[in-house]
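Just below is one structure, and these are the notes that go with it.
Please treat every number below as a calculation from the coordinates, not as lab data. Predicted, not measured: the structure shown is a model, and the values here were computed from it. Using ideal geometry, Cβ is built from the backbone for each residue, glycine included, and neighbour counts are taken over all protein chains shown.
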Amino acid sequence: MKNIVIVYGSTTGNTERVAGLIKDELGEAQVINVADVDNAVVKAADLVLFGTSTWGYGDLQDDFADYIESIDADLVGGKDVAVFGCGDSASFPDVFCQGVTEVMDAVQQAGGKLIVEELRVDGDVDDNLDAISAFANSLK
Ligand SMILES: Cc1cc2nc3c(=O)[nH]c(=O)nc-3n(C[C@H](O)[C@H](O)[C@H](O)COP(=O)(O)O)c2cc1C
């Protein structure tokens, strides 16, 4: 069985909830708050999912902002990776889910392999359940 690790940063719980929904769909996976993550666990994974919301004006979620420097070749080089996150396109059309883009850039620069299209959850999580399910299934 694949060792899957989901590392999320979430301020008001939306990205945390999405992480849990993805895990439910995948079955086996470890879900870890980025504020508490042990990189040895990330290194040991066959597949890593990074999730972050976007705050300020196109900024990474605070805990993920503290972590992004850790995304280097030693951590994710050659590894299968997928990225997801929450944002609000109605209020922030020009920087909608910019945090997701930033994490994808970091993964690519570090030599990680983005194996599926990213998931950008727009607004209420409950309005995105089909897209979340499709994203999780694309990883199977
Ligand atoms: C003050 C504030 C700033 C925000 N800035 C952005 C932004 O720049 N881009 C975006 O897509 N969403 C933005 N959002 C929306 C949040 O990303 C969205 O509410 C998200 O679901 C929060 O996820 P979390 O609970 O996992 O942190 C902002 C929301 C607030 C309240």
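Figures for the structure shown
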{"quantity": "Where labels lie 7 Å past Cα in the beta-carbon direction, separation of I32 and E117 in nm", "calculated": "3.0"}
{"quantity": "Distance from the stretch 65-138 to the stretch 12-26 (C-alpha centre basis), Å", "calculated": "13"}
{"quantity": "Length gained when the stretch T11-S70 is fully extended (0.36 nm per residue, less Cα-Cα span)", "calculated": "19.3 nm"}
{"quantity": "Residues S133, S53, sorted so that the one with the fewest Cβ neighbours within 10 Å comes first", "calculated": "S133, S53"}
{"quantity": "Given charges at beta-carbon only (K, R positive; D, E negative), |dipole| of the chain in Debye", "calculated": "520"}
{"quantity": "Alpha-carbon radius of gyration plus Dmax, which is the widest Cα pair, for the chain in Å", "calculated": "13.5, 41"}
